[in-house]
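Take a look at the structure set out below.
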Amino acid sequence: MGSDKSSKRFVSDYFVEFGKAWNNPIVESLIIDLVAKIRYSKSLGGRLIFAGNGASASISSHCALDYTKQGKMNSICFSSDAFITALANDYGYDRWLTEAIKCYANKEDLVILISSSGRSPNIVSAAEYCKCSDIDVVTLTGFENDNPLKTLGDLNFWVNSKSYNIIECTHMFWLMSACDLLIGKSEYSVS
């Protein structure tokens, strides 16, 4: 970046952008609504199904683990290389996630789809399938407010940013905030 002054300015501006995303009263209400949907799904015997591509797949995997282990909510994530490549080989990459959801999702489940752009064809296709099959969908997106995925969710979280790192970290922050709300505290033993 050059000088210390320009580096400090970059970091300061970066934190300001994070702050705008993280301190959002609309999102506070959405997190409360998300936890209500999770509790309702759990009361029906449903589970959480997380999915995303790339870093969003990593977020999905982390969330499935924490919601299951700490939140006591049965959760899964489709991130196995063999699983993805087998379905993508048979149905095409744009349809593999839809086929996975067809195999695993029930109406009692809650599907959480994460896409920074909200335009990933496999994620959008899966959301369309869920809508047609009366399976509740929560979306987490960024970039453009009118992205296709955001129009398909029952709850829609949107980060007003064009920075992948800010969007992805914010998605993780929001989902883990909901997990801690589900648990009822933010400090607890993980063993």
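The values are calculated or read from the model by the stated rules, or taken from the named source; none is laboratory data. In this text, all values refer to a predicted model and were calculated from it rather than measured experimentally. Every residue, glycine as well, gets a Cβ built from its backbone with ideal geometry; the counts of neighbours run over all protein chains shown.
In this structure, Gly45 qualifies as touching an Asp or Glu at 6+ places or on another chain (Cβ under 7 Å), surrounded by fewer than 18 Cβ atoms within 10 Å (Cβ to Cβ) and not β-branched (Val, Ile, Thr).
Taking the criterion of being at pLDDT 95 or above and either of a type outside the set (A, V, I, L, M) or assigned to a helix (DSSP H, G or I) (or both), the residues of region 148-160 that qualify are Pro148, Leu149, Lys150, Thr151, Gly153, Asp154, Asn156, Phe157, Trp158.
Screening Gly54 with (1) within 13 Å of the chain's Cα centre (by Cα); (2) surrounded by 16 or more Cβ atoms within 10 Å (Cβ to Cβ) gives one miss only, at (2). Residues that are under 11 Å from the mean Cα position of the chain (by Cα) and among the β-branched types (Val, Ile, Thr) within region 136-166 comprise Val137, Val138, Thr139, Thr141, listed in sequence order. Scanning region 97-113 for residues that are surrounded by 14 or more Cβ atoms within 10 Å (Cβ to Cβ) and either without any contact (Cβ under 8 Å) to a residue 24 or more places away in the chain or of a type in the set (A, V, I, L, M) (or both) yields Leu97, Glu99, Ala100, Ile101, Ala105, Leu110, Val111, Ile112, Leu113.
A quick yes/no check of all residues on (1) modelled with pLDDT of 95 or more; (2) farther than 19 Å from Val35 by Cα:
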site: Phe83; (1), (2): no, yes
site: Thr98; (1), (2): yes, yes
site: Ile101; (1), (2): yes, yes
site: Ile114; (1), (2): yes, no
site: Tyr129; (1), (2): yes, yes
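Taking the criterion of being farther than 19 Å from Lys162 by Cα, touching a residue at least 24 places away in the same chain (Cβ under 8 Å) and among the aliphatic types (A, V, I, L, M), the residues of region 1-36 that qualify are Leu30, Ile31, Ile32, Leu34, Val35.
Between Lys185, Lys131, the distinction of being more than 20 Å from Glu28 (Cα to Cα) and charged (D, E, K, R) belongs to Lys131 only.
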